[in-house]
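**Student:** Below are the structure tokens for one structure; questions will follow.
Only the coordinates and a few stated rules stand behind these numbers; no lab work does. This is a predicted model, so every value here is computed, not measured. So basically every Cβ, Gly included, is an ideal-geometry build from the backbone, and we count neighbours across all protein chains shown.
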Amino acid sequence: MSKKKAAKPAPKKAAKKSAPQSKAILTENRVFKPSAEFSKKARIGSMAEYRRMYEESIKQPDKFFGREAKELTWQKPFTKVMEWKCPNAKWFLGGKLNVSENCLDRHLSGPNKTKAALIWEGEPGEKRVLTYQQLHREVCRFANVLKRNKVKKGDRVMIYLPMIPEAAIAMLACTRIGAVHSVVFGGFSADSIKDRVLDCGAKIIITSDGGYRRGAVVPLKKNVDDALKSGETAVETVIVFRRTGQDVHIEEGRDVWWHRELEYVDAHCPAASMDSESPLFILYTSGSTGKPKGILHSTAGYLLHAQMTCKYVFDLRADDVYWCTADVGWVTGHSYLVYGPLALGATSLMYEGAPNWPENDRFWRIIEEYAVSVFYTAPTAIRAFMKWGDEWLKKHDLSSLRLLGTVGEPINPEAWMWYHTQVGGGKCPIVDTWWQTETGGHMITPIPGATPTKPGTATLPFFGVDVAIVDDLGKEVGKDEQGKLVIRKPWPSMLRGIWGDKKRYQETYWSEFDGWYFAGDGARKDKDGYIWIIGRIDDVLNVAGHRLGTAEVESALVSHPAVAEAAVVGRPDEMKGQGVVCFVTVKEGVATGRELADELKKHVRKVIGPVATPDEGRFAAALPKTRSGKIMRRLLKQIAAGEVIKGDTTTLEDLSVIAQLAASGED
Ligand code: WT7
């Protein structure tokens, strides 16, 4: 996307890129108020109260956040709430604290000591409960293992683990000693690990022999071995947790077993004293150009926001059993499986595997068995369960649920209604939370005891979030008009940068509109001021709630010897939100067909990982281009969606290309 300052006139670009669901949301007018019973018990029980707090958070952020931040445990109190010089924000200046101390130690002096911090279920069915006291002990021991392996404050530690308690333990252990973790989702490939290790300069990787997914074993350690094979990285140590017991290669002098290392350490490890702004973690996410960006989050602001949203948005209580189904490899797993709930002293449930293993009712089985009361998942999962049929839910007692949440992509009203009636029994408020890896936590969301909800909208901004929907000149658009979503003030958990790339940070987020954060999403506001997210308006896809850069997939495709040129676009997909369609031209003499299409799909899986598997590959002699040589993505999107080609094609270089591409579908 071209970068423009707000002051320059610009073509009406955003308006053209509307997403498939816009028709449905325009006609949606059902309203669901929280029940009087829910509101009475909730922390925020009315719109008046929400509005009062919101206004204070915007007009007097120092007062609002200064007060909220007192709920964290500080080793040394902060002296100033915020300092802002675009694009650099500092929050809670002068303060010292430690994240693991906030998530663990401070809960040990009261009844929470013996309370379940983590409840875990493995895909094959094993169960584990770690109380706050036990989790504290494990974190301290593993922090000592890290120290033993020469990890120091500020060092980057890569974590590539399945969804097992050790993932949370490793993350918290890093925070205990002030190391910066970078978790890589298990669905990424060896090449992706290597890129990330090289980018963040990690000297140590924590992994396991394997993990379970849909009954199969995922070869995590093998992927790490492959990532390190070329010897380009600075990795000196790999700590391997034994999960599956499968045979793995152990490289002498580099690889050590987690359980063996524990034999050398004790359970005492003081919590390092960290500045409010110390880097906490790096998490890679896709952008519209080039390689994934290492989104950097810092300590105090991030933790406060994670805790505060668990308190106000999930309304988490002492007796809740809270389950966020996201993987720790995504930001949702960071903020809402580990840091937020644990900082608040809640019980967080973690499940290792697939939602349909061994059968389609695994989630409902878990909700019933552990009496889950607050449940947070993604629209793509909801749509899958909807498709699998109500009989799977009907087998289970879901009456323990009191609050439901969704995240990751716009939820279509049909899925929202199904979630509301079939899963929530019509009694649970739904919080549709809009946010991003970059924002650290919820930004636009209902407050469950206050906000009347409508199916398909994330409703209103959270405290401190000054959101607007603007045109290309930065002017707010009118009611029901589509525009670009911007945030006009810094917020505590905003990203502090892109690791190692100041320029890209500035350009990506702060240059489209001077001084405002540009989220990359299109949105519109209805008559009640509710915000309806349309989806990405840049070249980023949202596949089953996961972000994928078209440029990344394209670069994976052209790394295959048969490919001359590639263009990747999304097409609406009933289940996944978007599917990945690849348009490919091959080199002289290469035979195209189903076989090559399959090979290219496999190739992308190998280069990026199973998360990026294309849905369809199409071949043509050339890609449609303007006379200046730019690929016409708008046309490709229409072709991918099976639409009749409309709009201006006069600048197209070779019209026959369109016919060829349109005819080249896989079936
Ligand atoms: C993109 C961010 C936030 C954790 C999961 C994804 C889309 C996210 C919603 C929602 C509509 C949503 C946006 C955003 N998105 N939540 N409730 N309604 N769209 O994090 O990978 O950083 O992706 O996900 O397009 O920009 P992410």
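**Student:** Classify region 57-205: rounded, prolate or oblate, from the alpha-carbon gyration tensor (a ≥ b ≥ c, eigenvalue square roots; a/c under 1.5 rounded; otherwise prolate if a/b is larger than b/c)?
**Tutor:** Because a/c hits 1.5 or more and a/b fails to exceed b/c, region 57-205 counts as oblate.
**Student:** Could you let me know the centre-to-centre spacing of region 137-158 and region 159-234, using Cα atoms, in angstrom?
**Tutor:** A separation of 15 Å, based on Cα centres.
**Student:** Do you know the relative contact order of region 255-380, to the nearest whole percent, from alpha carbon pairs under 8 angstrom that are 6+ apart?
**Tutor:** Over region 255-380, the number comes to 20 percent.
**Student:** Report, ordered by chain and residue number, the lysines lying within cross-link reach of LYS80, taken as a straight Cα distance under 23 Å and ignoring same-chain residues fewer than 8 apart.
**Tutor:** The reachable lysines, counting only those whose Cα sits under 23 Å from LYS80, are LYS59, LYS63, LYS70, LYS90, LYS96, LYS489.
**Student:** May I pose another question? Suppose we keep just the alpha-carbon trace of region 44-123; what are its Rg and Dmax in angstrom?
**Tutor:** 17.1, 48
**Student:** Could you please report the charge total around LYS150, scoring K, R as +1 and D, E as -1 over all other residues with beta-carbon less than 11 angstrom from its beta-carbon?
**Tutor:** +2
**Student:** Find out how many positive minus negative residues lie around LEU104, taking Lys and Arg as positive, Asp and Glu as negative, among other residues whose Cβ is under 15 Å from that of LEU104.
**Tutor:** Within the 15 Å Cβ shell, the charges total +3.
**Student:** Next question, about the same structure. What whole number of Å gives the distance from the Cα centroid of region 554-571 to the Cα centroid of region 295-363?
**Tutor:** Centre-to-centre distance over Cα atoms comes out at 36 Å.
**Student:** Given MET417, ALA567, PHE92, which one lies farthest toward the positive end of the charge dipole of the chain, if we put +1 on the Cβ of every Lys and Arg and -1 on the Cβ of every Asp and Glu?
**Tutor:** Checked the options; the winner is PHE92.
**Student:** Mind giving me the nanometre distance, one decimal, between the label points for GLU414 and ASP319, set 7 Å out from Cα along Cα→Cβ?
**Tutor:** Those two pseudo-labels are separated by 3.9 nm.
**Student:** How large is the dipole of region 544-664 about the Cα centre if only Lys and Arg carry +1 and Asp and Glu carry -1, each at its Cβ, rounded to the nearest 20 debye?
**Tutor:** It works out to roughly 240 debye.
**Student:** Right, something else. For region 103-126 and region 479-535, write down the distance between their C-alpha centroids in whole Å.
**Tutor:** Rounded to whole Å, the Cα centres lie 36 Å apart.
**Student:** While we're here: What does the C-alpha gyration tensor say about the overall shape of the chain? Classify as rounded when a/c is under 1.5, otherwise prolate if a/b is larger than b/c, or oblate.
**Tutor:** Rounded, since a/c falls under 1.5.
**Student:** Size of the dipole of the chain about the Cα centre, Lys and Arg at +1 and Asp and Glu at -1 on the beta carbon, nothing else charged, in debye to 20?
**Tutor:** 1800
**Student:** Could you list TYR336, TYR351 in order of exposure, starting from the residue whose Cβ has the fewest other Cβ atoms within 10 Å?
**Tutor:** Arranged by neighbour count, lowest to highest, TYR336, TYR351 become TYR351, TYR336.
**Student:** Which residues does a label at HIS396 reach in region 99-134, if reach means a backbone N under 13 Å from a point 7 Å past the Cα toward the Cβ?
**Tutor:** Under cut-off, by backbone N: 121.
**Student:** If you take every DSSP beta bridge fully contained in the chain, what fraction is antiparallel? Give it as a percent rounded to 5.
**Tutor:** Of those bridges, close to 60 percent are antiparallel.
**Student:** Do any of LYS115/LYS576; LYS387/LYS527; LYS311/LYS395; LYS387/LYS427; LYS40/LYS479 go past 27 Å between their Cα atoms, and which?
**Tutor:** LYS115/LYS576; LYS387/LYS527; LYS311/LYS395; LYS40/LYS479
**Student:** Which of the trypsin sites (Lys or Arg not before Pro) found in region 148-218 are loop residues per DSSP with 13 or fewer other Cβ atoms within 10 Å of their Cβ?
**Tutor:** Sites meeting the loop and neighbour criteria: LYS150, LYS152, LYS153, ARG214.
**Student:** Quick one: net charge around ARG496, please, counting Lys, Arg +1 and Asp, Glu -1 for every other residue with C-beta under 13 Å from its C-beta.
**Tutor:** Local net charge: -1.
**Student:** Rounded, prolate or oblate: pick one for region 544-664, where a ≥ b ≥ c are the square roots of the eigenvalues of its C-alpha gyration tensor, a/c under 1.5 means rounded, and failing that, prolate if a/b is larger than b/c, else oblate.
**Tutor:** oblate
**Student:** Could you tell me which GluC sites (Glu not before Pro) in region 73-166 are loop residues by DSSP with no more than 12 other beta carbons within 10 angstrom of their beta carbon?
**Tutor:** When the GluC sites (Glu not before Pro) of region 73-166 are filtered for loop state and at most 12 Cβ neighbours within 10 Å, GLU126 remain.
**Student:** Straight-line reach from LYS394: which aspartates and glutamates have a Cα under 17 Å away, not including same-chain ones fewer than 8 places off?
**Tutor:** GLU359, ASP361, GLU368, GLU369
**Student:** For the chain, can you list the cysteines whose C-beta has no other cysteine C-beta under 4.7 Å from it?
**Tutor:** CYS86, CYS103, CYS174, CYS200, CYS310, CYS324, CYS428, CYS582
**Student:** Right, next: Express the relative contact order of the chain as a whole percentage, based on alpha carbon pairs under 8 Å and six or more residues apart in sequence.
**Tutor:** Across the chain, relative contact order equals 15 percent.
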